[in-house]
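Below: the structure, in structure tokens.
Bear in mind that the values in this text are calculations on the coordinates, not laboratory data. Fair warning: this is a prediction, and the values are worked out from it, not measured in the lab.
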Ligand code: G1P
């Protein structure tokens, strides 16, 4: 049902300097897999067939990562390391079409998503912000897809946040609530503690109807000089229902050092080949 996913990856990654000087921050690994690959796999696992990266010229290694590497594959075959081939060139990527659209100027998330309009066309599509890493039995995007199938309305993943951190997120004003499904009444980008309409924040997964593009086009730059996706959603709300779905699972904000290290520890403790050793190491350190 959702065949296309947009991944904005053009950001500078200043919080991860100097690591992000020569390597895009999306390519930094959590254990042995680049952050961006977790989001790509999440999209493919709900049936997405086209991945649309909104990227910048410096980030050529993202393309290299998703291209099939034939030379390395034959070397693995020759040295009988067949079990490594699917790690190098995963079978699930074979049928996927990867698009790379350059965002020349960094004018915000809304500006980035608007770049995908030509490729997306009139179909509903997903947006995944790779900095947000989710772990749950049913993936975050799959939870959104369930709602989209029932409502055919745009739907956004949300979670409750400590009010002290609310200024870092898009925040919704909830309307009618049925279990984990909320009808959104209003939405604001990065409000102050005092002005936040709730403690329910937008996390980095969305499913949109293509009508969002119309509103992105008429959205002005905000005070910080960016075109915000949140501001376009605010406009969309005037014409269509938009839902928020409370995400059920773990979330790591890998755009911050704390979240990145947290995700690394959490995944290491789940990785069969190293978890026992890592437990010992943590005990020794603590
Ligand atoms: C973006 C969105 C914000 C959302 C957040 C989730 O902000 O603009 O509404 O809550 O992602 O991670 P950013 O983190 O890019 O500043």
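A few points about this structure:
- Mean projection area, nm², convex hull over Cα of region 47-109: 5.4 nm²
- Cα long-axis angle, helix 275-285 against the chain (0 to 90 degrees, to the nearest 10): 80 degrees
- According to the Cα-based calculation, Rg over Rh for region 115-163 is 1.01, with Rh computed by the Kirkwood formula.
- Helix 257-268 and the long axis of the chain differ in direction by around 50°, with both axes built from C-alpha atoms.
- Looking at region 1-157 alone, DSSP beta bridges between its own residues are antiparallel in about 15 percent of cases.
- Whole-percent P(r), region 134-194, all Cα pairs, 5 Å bins from 0: 4, 15, 24, 23, 20, 11, 3, 0.
- Size check on region 85-185: the Cα extents along the three principal axes, sorted descending, read 45, 36, 32 Å.
- Angle in degrees between helix 35-44 and the longest Cα principal axis of the chain, rounded to the nearest 10: 70 degrees
- P(r) tail fraction, region 227-274 - alpha-carbon pairs more than 12 Å apart, %: 74 percent
- When region 8-164 is reduced to its Cα atoms, the Kirkwood hydrodynamic radius in Å: 17.4 Å
- Start at zero, step by 5 Å, and the Cα-Cα distances of region 2-59 spread as 4, 19, 25, 23, 17, 8, 3, 0 percent across the bins.
- DSSP beta bridge pairing in the chain, given as percent antiparallel to the nearest 5: 60 percent
- Whole-number D in µm² s⁻¹ for the chain, Kirkwood Cα-pair radius fed into Stokes-Einstein, 20 °C, 1.002 mPa s: 107 µm²/s
- Rh by Kirkwood over Cα pairs, then Stokes-Einstein D for region 178-286 at 0.890 mPa s and 25 °C, µm²/s: 142 µm²/s
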